[in-house]
1. How much length is gained on full extension from residue 14 to residue 201, taking 0.36 nm per residue of separation minus their Cα-Cα distance?
2. Any idea what the dipole of segment 70-177 comes to, in debye rounded to 20, about its Cα centre with Lys/Arg Cβ at +1 and Asp/Glu Cβ at -1?
3. Quote the charge dipole size of the chain about the Cα centre in Debye, to the nearest 20; the model charges only the Cβ of Lys and Arg (+1) and of Asp and Glu (-1).
4. From the phi angles alone, apply the Karplus equation (6.51, -1.76, 1.60; θ = phi - 60°) to segment 32-46 and give each ³J(HN,Hα) in whole Hz, x where the residue is Gly or Pro.
5. Along the charge dipole of segment 157-283, which of 250, 238, 162 sits closest to the positive end, that is, farthest toward it, with unit charges on the beta carbon of Lys, Arg, Asp and Glu (+1, +1, -1, -1)?
6. Under the Karplus relation 6.51 cos²θ - 1.76 cosθ + 1.60, θ = phi - 60°, what is the ordered set of whole-Hz ³J(HN,Hα) values for segment 98-114, x standing for Gly and Pro?
7. Which percentage, to the nearest 5, of the DSSP beta bridges contained in the chain is antiparallel?
8. Which stretch or stretches of segment 76-112 have amide N atoms under 17 Å from the point lying 7 Å from residue 65's Cα along the Cα→Cβ direction?
Amino acid sequence: PRYPPALNPLRTRLAFLRAGREPPRIRTACELGFGQGVSLAVHAAASPIAWWGNDLLPQHVAFARSLVDASGSRAVLAEASFEEFDRRTDLPAFDFIGLHGVLSWISAENRDCIIDFVRHHLAPGGVVYTGCNALPGWADMLPLRHVMAEFATRAAAGPTVGRIESAIDFAARLFETHPLHARTSPALAQRLDRLRGADPRYLAHEYFNRDWQPLPFTELAALFEKAGLHHACSAHLPDHLDELNLTSEHRRLLADLPDAGLRETVRDFITNAQFRRDYWSREAAP
């Protein structure tokens, strides 16, 4: 499993200072949907922060628990849905809640469960980290993903891995016919080539699960406004250096936009953002 550096709460300090905001004090942290649990286990072992986390899959929790036990940390792991985890009465108030690769792979109902969790369990002055697929960087992939998922459901047979492989093979045959969508989206052929060489178990989670929806910034912001949170800053440190990411014309155009949500939306269009990493907070004192 890959280690996502932005899930490390210690990185909030530089990002908040670079954005001109008071960094949060983090003593308790939680990772929702921790997957294999690599990042949670590393952070619990390598810092004094008290860690908690949940995941729905028993095999994920078992593997994460083996890492936590080997490290000797006291991280608390739960095999539970977001709603079940929210109902626990023994949770502390969390200074940091992390969600990496979660929001754009779950249903709208589960996103609301996460917002309930944040509303109930985020400490005053706390921060939420999110990392998820974004638009417009995934816009060209949406129709292809839909075709492959429908083929796997409607035309393929057998176990999941075999149906995914059949869907990828069908997509390759489809591209050989030079469909108009592929011609107007030339990068799609490269995306498909990468899929053909990927582990089907990874593809099952990444592209063939029931819910797969890249999220535009304003939709993310509206989601967290339900919990009284606002965008604090990017959690991806290179994003703070506009001179590396934007031309002078881009910077002037963005500077003329008075609305922060619109600026982020236009910036994503300029950079063709595929994955956003963000911090959200209730109070972000200068």
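1. Full extension from residue 14 to residue 201 adds 63.7 nm.
2. 80
3. Computed charge dipole of the chain: roughly 420 debye.
4. 8, x, 7, x, 6, x, 4, 5, 4, 5, 5, 5, 5, 7, 10
5. It is 162, whose Cα lies furthest towards the positive end.
6. Along segment 98-114, the couplings run x, 9, 10, x, 10, 4, 8, 10, 10, 6, 4, 5, 5, 4, 5, 4, 5 Hz.
7. Numbers: 11 of 30 bridges.
Expressed as a percentage, antiparallel bridges in the chain total about 35.
8. The answer is 76-81, 85, whose backbone nitrogens lie closer than 17 Å to the label point.
The values are calculated or read from the model by the stated rules, or taken from the named source; none is laboratory data. Just so it is clear, the model here is predicted, and its values are computed rather than measured. All Cβ positions, even for glycine, are placed from backbone atoms using ideal geometry, and neighbour counts span all protein chains on display. Heavy atoms of the whole protein, side chains included, go into the accessibility calculation; ligands, DNA and RNA do not. Shrake-Rupley method; radii C 1.70, N 1.55, O 1.52, S 1.80 Å.
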